[in-house]
């Protein structure tokens, strides 16, 4: 199963690279597949590559869904113990 997640571009680097953040984690990724990315933009990240830019509203909606899923899974694990 493949998963692509929205991440916020925190810093642009040389050679079409950037540092992105999600949930307190930082990762260096490639921007080679997406033109015109700026600091503060959200991109869809898949296996180290930005696939497309995402507007703020859509990124926030998607991240909220991931947070809801994580909370439900944590609740399910707690009920099994």
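A short reminder: the numbers here are calculations on the coordinates, not readings from a lab. Treat the numbers as computed from the prediction; the structure is a model and nothing was measured. As a convention, Cβ positions derive from the backbone with ideal geometry for all residues, glycine included, and neighbour counts pool all protein chains shown.
Listing for the model above:
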quantity	calculated
Mean Cα-pair separation over length for the chain, i.e. relative contact order, pairs under 8 Å, 6 or more apart, %	25 percent
Separation in nanometres of the label points that stand 7 Å from Cα toward Cβ, at residue 56 and residue 5	2.2 nm
Percent breakdown of C-alpha pair distances by 5 Å bin, ordered from the shortest bin, for the chain	3, 15, 25, 21, 14, 9, 6, 4, 2, 1
CD proxy at 222 nm, helix term only [per DSSP H run n ≥ 4: -39500 (n - 2.57); per residue of the chain; nearest 500]	-11000 deg cm²/dmol
Helix 56-80 vs. the chain, principal-axis angle (Cα, 0 to 90°, nearest 10)	30 degrees
